[in-house]
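S.K.: Before I ask anything, let me first share the structure, which is written out below as structure tokens.
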Amino acid sequence: MPDEIKTLSSQLAQDPDSLVFLRLGELLRHKGQLDTAHRVALTGLERHPHLPDAHDLYARILADRHDYERAFDEWDMALRIAPDHVGALKGLAFLYFKVGDVQQAAAHLEAAQRVAPDDPGVAQALALARGEGGAEPIAPAAQPMEEARVFAGLEGAQEGLLLLDASGRVLGGALKDPAGRDVTDAVAAYLAGVSQEAARTVKLLGLGKWTGLAAEGNLGHVHLAPPSSDALLLVVRDRAVPMGRLAIIAQRAALAARRWLEAHA
Amino acid sequence: MTAPAAAYGKALDLITRVRGVRGAMLVSAEDGIVVAEQLMEGIKGPALSALAASLATRLRRAMEAAGVGASVFWHLQAEQGALLVVPTPGGTLVVAVAEPDVNVGLVRLELLRAAEVVG
Amino acid sequence: MTTRAVETWTLEPLVKFVKEAGARLVLVMTSAGQVLAQHGFSRAVDVMSAAALGAAIMASTDEMARQLRQPAFAALNHQGERHGIFLAGLATGRGRLVALVVYDLDVSSLGLVQLFFEQLAADLQAASPKDSVPKQVLAADFERQLSDSLNTLFGR
């Protein structure tokens, strides 16, 4: 395997647009070299943003790093590009299992089985979900997947999601910069000012209420939205995630955050 | 080297031609003063420039703190309209005010082109 | 930081302006430098100095405009490294007043100050006593009035 990694690395260096990054990323992932695998997958994804296998590889690496929210987004994207992508269907089924949503897990596995009827892993997982073969079926989810994902993010996300009240106090989530430093409090303080200025701007210009602020940066993208009149939700992603997708992620996160706020009011 | 003022008008023209754009302007980011404008009736130029510049400053600080780098483009969405902005390296903001359902991708392209002209 | 007024009708417009424009220091005064309201100053001597200097600058530029056969300049702005100073005249029922605004460049901008100054001018015009004739200030009364004003402006 080390020889294969070396060979593939060399091929990729000679031709950065080559698809060998898929195999290389997978080998690195198997070896547990997740940081390197992450870099290879992300670079490959930037060059091939419409390749479902690239999203699938990235999602698997994210899942290995326990970044389930992003893994979900990547598998979701793979399915949008290729609705029959077996890897993405299995990946999403795995995530639904993790939050206890057996119905959704089974639905995705059944779809995978239709595409790949000879895949033993799919059959085994499906049996588990249905409680066949003596295995106990997994209890249904206490809450929908959307909410579970955002809720999990708010209850200790490592990065990428921040929920604030109108004064800039953190209600949930956390944020780290690319160097790994916790920037939650600093960003929260600045965001309160951004939100106030956004509200004032649209009011004085007669544009109604503001519904979102999307910004594209050199190193990453952000989307700020008010899930309620006295809360703010910030979603941050690196540049590999296009702005349009970030908007969809932010919309879903805002909906889930709204339900979370109502439940905690 | 910055373009002569006549080129500003042309750059703004290309932005305002996009369907749904109600006006475009160049704003000095530092002091929020209008540099050049092409606005439809009813849009308050000085208010737009001052507020866009103030919001741009606050957003820049938040983005720097979050580690996502300098802003390349931002889009404020509201119920009855939108503000789309591209900052230039020379300290100018290229601003468009538009209908809420404007083609954001197209406006963004024209703003980026205008930013290259303005410098 | 507190906002205080010798003439109470100036207070609400001034409070609103300070909040919206993010101004650090504000004086509202007559053309002669008599202060009607202030925000952000902590020492009487600073108010007196700022009012005198502000009134003098306005008088100088008014004279310059007159010599150029132009209407009076609408506003002046001086921009430093960290602060800006904005001076402008406005018409009220109390006569012509002058606003001196100091703003922190990290917090506000010329654009914002100008934008909300227009509202301040409109609010002061609307709130000012109508048809009031400005009182002539006699030398004998001047010091007493100044002392009374400063006491009011600093809440003593």
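S.K.: Using θ = phi - 60° and the Karplus curve 6.51 cos²θ - 1.76 cosθ + 1.60, what whole-Hz ³J(HN,Hα) does each residue of region A:20-27 get, with Gly and Pro shown as x?
M.R.: With coefficients 6.51, -1.76 and 1.60, one gets 5, 4, 5, 5, 4, x, 5, 4 Hz.
S.K.: Mind checking which of B:90, B:42, B:81 has the largest fluctuation in a GNM of chain B, springs on alpha carbons under 10 Å?
M.R.: B:42
S.K.: Does chain C come out rounded, prolate or oblate by the C-alpha gyration tensor, with a ≥ b ≥ c the root eigenvalues, rounded set by a/c under 1.5 and, if not, prolate when a/b is larger than b/c and oblate if not?
M.R.: It is rounded, given that a/c, with a ≥ b ≥ c, falls under 1.5.
S.K.: Another one. Whole-Å semi-axes of region B:5-118's equivalent ellipsoid, largest first, each the root of 5 times a Cα gyration tensor eigenvalue?
M.R.: 20, 16, 14
S.K.: Ranked by Cβ crowding within 10 angstrom, fewest neighbours first, how are A:90, A:6, A:31, A:98 ordered?
M.R.: Taking fewest neighbouring Cβ atoms as first place, the list is A:6, A:31, A:98, A:90.
S.K.: Taking the Cα centre of each part, how many Å lie between region B:34-76 and region A:102-124?
M.R.: If we compute the Cα centre of each part, the gap is 49 Å.
S.K.: Please give me the summed charge of the neighbours of residue C:108: other residues whose Cβ is under 14 Å from its Cβ, Lys and Arg +1, Asp and Glu -1.
M.R.: In short, -1.
S.K.: Oh, and also: Using 0.36 nm per residue, how much length does the chain from residue C:12 to residue C:46 gain when fully extended, once their Cα-Cα distance is taken away?
M.R.: 10.0 nm is the gain from fully extending residue C:12 to residue C:46.
S.K.: Any idea how far apart residue A:39 and residue A:264 come out in nm if each label point goes 7 Å out from Cα toward Cβ?
M.R.: Simple spin-label model gives 3.6 nm for this pair.
S.K.: Another question about this same structure. Less than 15 Å Cβ to Cβ from residue B:102, Lys/Arg counted +1 and Asp/Glu -1: what total charge do the surrounding residues give?
M.R.: 0
S.K.: If R₀ is 35 angstrom, what is the calculated FRET efficiency for the pair residue A:107 and residue B:80, using the beta carbon separation as r and rounding to 0.05?
M.R.: Once the sixth-power term is evaluated, E becomes 0.30.
S.K.: Within 10 Å of each residue's Cβ, count the other Cβ atoms and sort A:249, C:85 from fewest upward.
M.R.: With the sparsest Cβ surroundings first, the list reads C:85, A:249.
S.K.: Looking at chain A as a GNM with Cα springs under 10 Å, which of A:44, A:172, A:180 has the largest mean-square fluctuation?
M.R.: Ranking A:44, A:172, A:180 by mean-square fluctuation puts A:180 first.
S.K.: What shape does region B:7-50 take by its C-alpha gyration tensor, where a ≥ b ≥ c are the square roots of the eigenvalues and a/c under 1.5 counts as rounded, a/b above b/c as prolate, and the rest as oblate?
M.R.: Because a/c hits 1.5 or more and a/b fails to exceed b/c, region B:7-50 counts as oblate.
S.K.: Once each part is reduced to its C-alpha centroid, what is the distance from region B:96-114 to region C:74-93 in angstrom?
M.R.: 35 Å
S.K.: Under the rule a/c < 1.5 gives rounded, and otherwise a/b versus b/c splits prolate from oblate, where does the protein assembly as shown land using the Cα gyration tensor?
M.R.: Note, shape of the protein assembly as shown comes out prolate.
S.K.: With a point put 7 Å past each Cα toward its Cβ, work out how far residue A:124 is from residue C:107 in nm, to one decimal.
M.R.: 6.5 nm
S.K.: Based on the Cβ-Cβ distance from residue A:11 to residue A:31, what FRET efficiency comes out when R0 is 25 Å, to the nearest 0.05?
M.R.: 0.90
S.K.: State which entries of C:16/C:130; A:176/B:44; A:176/B:10; A:176/C:16 exceed 32 angstrom in Cα-Cα distance in the structure shown.
M.R.: The pairs that break the limit, which is 32 Å between Cα atoms, are A:176/B:44; A:176/B:10; A:176/C:16.
S.K.: Let me ask something else about it. All other residues with a Cβ under 13 Å from the Cβ of residue A:265 taken together, and with Lys, Arg as +1 and Asp, Glu as -1, what is their net charge?
M.R.: -1
S.K.: What whole number of Å gives the distance from the Cα centroid of region A:17-49 to the Cα centroid of region A:223-265?
M.R.: Using only Cα atoms to place each centre, the spacing works out to 29 Å.
S.K.: Under 18 Å between alpha carbons, and skipping anything fewer than 8 positions from residue A:98 in its own chain: which lysines qualify?
M.R.: By straight Cα distance, residue A:98 reaches A:90.
S.K.: Please order C:69, B:108, A:47 by the number of other Cβ within 10 Å, starting at the fewest.
M.R.: C:69, A:47, B:108
Values quoted throughout were computed directly from the atomic coordinates according to the rules given, and no laboratory measurement underlies them. Predicted model only: the values in this text are computed from it and were never measured. Here Cβ is always computed from backbone atoms with ideal geometry, including for glycine, and neighbour counts include all displayed protein chains.
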